[in-house]
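Student: Structure in structure tokens, see below.
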Amino acid sequence: MRGLVTSFLTTVVVVSCVGAGPQPARAPVPPPLPVMLSDTDTMGRVFTDPHGRTLYHNDVERNGTFICVGLCTDTRKPLLHQPGAELRLPPGIGGTLGTVRRPDGGDQVTYNGSPLYWFTGDQQPADTRGVTLLWHVINPQNMRVS
């Protein structure tokens, strides 16, 4: 019986190794861009995150000044830079992506110096329910955030 079990295990090991030679190297999948473009029903083409969530900026936040901290981040989620993700805009889009250190932790992605957020009230990709007097989408018509 012991010999039968040993033979069986040897066969299993040999069979499992057959064809297990070197596999072709797969090209690494590049991380998604932190900012992409999507078409909306109401605001035209806007910046979105890799999940399709519309990105917003606040008129008051510039040069490291944050007003959206604490309770504000319950509905306005900072777009945080993921380690290894390349800070690059979609082809043909002008401006500069960067990061700024948040007072509550993490490096937030910025566009032309303005920190970017997504809004929890947006239910579908490219929704724009987060537009208010101070919160705006970024689209090709207002690319230059001033």
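The values are calculated or read from the model by the stated rules, or taken from the named source; none is laboratory data. These numbers come from a predicted model, not from an experiment. Counting neighbours? That spans all protein chains shown, and the Cβs are built from the backbone with ideal geometry, glycine included. Ligands, DNA and RNA are excluded from the accessible area calculation, which covers all protein heavy atoms including side chains. Shrake-Rupley method; radii C 1.70, N 1.55, O 1.52, S 1.80 Å.
Student: Among the listed residues Cys68, Cys72, identify the single one that is more than 22 Å from Asp39 (Cα to Cα), open to solvent by less than 30 Å² (accessible area, probe 1.4 Å) and modelled with pLDDT of 95 or more.
Tutor: Going through Cys68, Cys72 in turn, just one is more than 22 Å from Asp39 (Cα to Cα), open to solvent by less than 30 Å² (accessible area, probe 1.4 Å) and modelled with pLDDT of 95 or more: Cys68.
Student: Pull up segment 43-65, narrow it to residues that are open to solvent by 50 Å² or more (accessible area, probe 1.4 Å) and of a type in the set (S, T, N, Q), then point me to the one that is farthest from Gln123 (Cα to Cα).
Tutor: Only one residue fits best here, namely Asn63.
Student: Tell me the strands (runs of 3 or more DSSP E) entirely within segment 100-146 that contain at least 1 residues that are modelled with pLDDT under 90 and buried (at least 19 other Cβ atoms within 10 Å of the Cβ). Give the derivation first.
Tutor: On the way: elements: 107-111, 117-119, 135-137.
Qualifying strands (runs of 3 or more DSSP E): none found.
Student: With Pro91, Pro83 as the choices, which residue is surrounded by fewer than 18 Cβ atoms within 10 Å (Cβ to Cβ), under 19 Å from Asp39 (Cβ atoms) and either out of contact with any Phe, Trp or Tyr (no Cβ under 8 Å at 6 or more places or on another chain) or among the hydroxyl-bearing types (Ser, Thr, Tyr) (or both)? Explain how you work it out, then say what you get.
Tutor: On the way: Pro83 fails: under 19 Å from Asp39 (Cβ atoms).
After applying the criteria, what remains is Pro91.
Student: Would a scan of segment 82-94 turn up a residue that is in a strand (DSSP E or B), under 13 Å from the mean Cα position of the chain (by Cα) and not hydroxyl-bearing (Ser, Thr, Tyr)? Outline the logic, then answer.
Tutor: The initial filter retains those residues of segment 82-94 that are in a strand (DSSP E or B), namely none.
Checked against the condition, which is being in a strand (DSSP E or B), under 13 Å from the mean Cα position of the chain (by Cα) and not hydroxyl-bearing (Ser, Thr, Tyr), segment 82-94 yields no hits at all.
Student: What is the residue count in segment 46-100 for residues that are closer than 16 Å to Val131 by Cβ and polar (S, T, N, Q)?
Tutor: Going through segment 46-100 one residue at a time, the tally reaches 4.
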